[in-house]
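Trainee: Take a look at this one; I'll ask things after.
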There are 2 protein chains.
Amino acid sequence: MRSRQPVNDNSVSREERESGSRFVPKFDSNGLLTAVVVDVDSKDVLVVAFMNAEALARTRESGNVHFWSRSRGRLWLKGETSGNFLKVEKMLVDCDQDALVIHASPDGPTCHTGARSCFYRRLDPDADDASALFSASR
Amino acid sequence: MRSRQPVNDNSVSREERESGSRFVPKFDSNGLLTAVVVDVDSKDVLVVAFMNAEALARTRESGNVHFWSRSRGRLWLKGETSGNFLKVEKMLVDCDQDALVIHASPDGPTCHTGARSCFYRRLDPDADDASALFSASR
């Protein structure tokens with residue numbers, strides 16, 4: 001029997017969660033997991049966002065990355081407006097199962113600004129905040 | 001004048017947040033940013049965690065990654081117990097400044113399980129949850 005709408009299961013032992021083959025995603029108090037999407041070829045991080053159980057289920061079913069938009073409070077198929085979908089190539093789960101890394105093939109720029117990745121700026125750790133950011137390609 | 005303890009500033013316009021050189025981190029309702037640490041050499045994602053303003057400030061000051069531990073409710077210098085610190089090589093900020101990607105040199109395994117990365121398992125999207133995870137190195 002398939003269970004495609006994963007639920008939290010706090011009865012799972014820490015050992016089983018960390019070393020087992022059972023997928024028991026650990027959603028936070030808002031019902032969300034962190035999802036990091038990386039370009040399957042360059043391995044650059046393209047976008048970091050969140051998934052609720054429905055976004056995760058639709059991502060698995062469709063093969064296209066879905067998020068839960070915190071700002072809009074709704075399910076969000078990445079690319080639904082721009083056409084720049086993120087096709088899932090590989091999904092990784094972390095030790096405590098509260099974060100995913102998704103290797104994806106992007107259909108175009110991932111960022112709504114038109115940048116290939118949302119991470120187009122570097123932070124100079126030593127600089128004053130007023131001028132701490134600069135182009136990541138510099 | 002340096003401001004090393006960044007605070008939310010909702011007076012910043014969307015355009016300034018997305019395209020400016022000003023660092024105005026956007027903490028969530030729990031006062032947290034998402035932080036993704038990748039290996040500076042392999043570009044593999046090592047760990048995904050959260051930073052509050054203090055963890056961010058200490059990371060910038062010390063050059064070693066600090067997080068806010070949600071489970072323990074305290075500041076967490078990564079490596080404080082294991083000795084496996086994450087030395088910051090490069091910090092990237094996303095479009096809306098609510099997530100960081102940190103390229104780091106790990107002193108040893110990053111995961112508390114002893115794995116090099118916390119993402120040591122793959123998820124088979126089509127499998128039943130009971131047996132959906134398998135070794136990422138397989």
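Trainee: For chain A, modelled as a GNM with alpha-carbon contacts under 10 angstrom, which of A:Leu75, A:Leu46, A:Leu32 fluctuates the most?
Mentor: So, out of A:Leu75, A:Leu46, A:Leu32, the one fluctuating most is A:Leu75.
Trainee: Sticking with this structure for a sec: Please work out which residue of chain A brings its Cβ closest to the axis of the rotation superposing A onto B, and round that distance to whole Å.
Mentor: Residue with the nearest Cβ, plus whole-Å distance, for chain A: A:Lys43, 2.
Trainee: Ok, one more. Please give the charge dipole size of the range B:1-133, origin at the Cα centre, charges +1 on K and R Cβ atoms and -1 on D and E Cβ atoms. Round to the nearest 20 debye.
Mentor: Its charge dipole is roughly 600 debye.
Trainee: Show that you can apply the helix-only estimate: for chain B, add -39,500 (n - 2.57) for every DSSP H stretch of four or more residues, divide by all residues, and state [θ] at 222 nm to the nearest 500.
Mentor: Value at 222 nm, helices only: -3000 deg cm²/dmol.
Trainee: Which residues among the range A:76-105 fall inside the zone where the amide N is under 18 Å from a point 7 Å beyond the Cα of A:Glu54, along Cα→Cβ?
Mentor: A:76-81
Trainee: Which of the three applies to the range B:33-73, rounded, prolate or oblate, going by the alpha-carbon gyration tensor with a ≥ b ≥ c and a/c under 1.5 meaning rounded?
Mentor: Note, shape of the range B:33-73 comes out oblate.
Trainee: Something else now. Relative to the other copies, what are the label-point distances for B:Ala127, with labels 7 Å from Cα along the C-beta vector, expressed in nm at one decimal and sorted shortest first?
Mentor: 4.5
Trainee: Which lysines, if any, have their Cα less than 18 Å from the Cα of B:Lys87, not counting same-chain residues under 8 positions apart?
Mentor: B:Lys43, B:Lys78
Trainee: Please compute the average number of Cβ atoms from other chains found within 10 Å of each residue's Cβ in peptide B:45-58.
Mentor: Partner-chain Cβ atoms within 10 Å, mean over residues of B:45-58: 2.
Trainee: If each label sits 7 angstrom from Cα along the C-beta direction, how far apart, in nm, is A:Asn84 from its counterparts in the other copies?
Mentor: 3.5
Trainee: Using the basic label-point model (7 angstrom from Cα toward the beta carbon), what is the B:Arg14 to B:Ser105 distance in nanometres?
Mentor: 4.1 nm
Trainee: Now a separate question. Under a 10 Å cutoff between Cα atoms, tell me which one of A:Pro109, A:Pro125, A:Pro25 has the largest fluctuation in the Gaussian network model of chain A.
Mentor: Its mean-square fluctuation being the largest, the pick is A:Pro125.
Trainee: Give the residue from A:Gly63, A:Trp76, A:Val37 lying farthest towards the positive end of the charge dipole for the range A:25-76; charges sit on Cβ (+1 for Lys and Arg, -1 for Asp and Glu) and the dipole is referred to the Cα centre.
Mentor: In the range A:25-76, that residue is A:Trp76.
We did not get these values from a lab; they are worked out from the coordinates using the rules stated. As the structure is a prediction and not an experimental result, all values here were calculated from the model. Cβ: placed from backbone, ideal geometry, glycine included. Neighbour counts: every protein chain shown.
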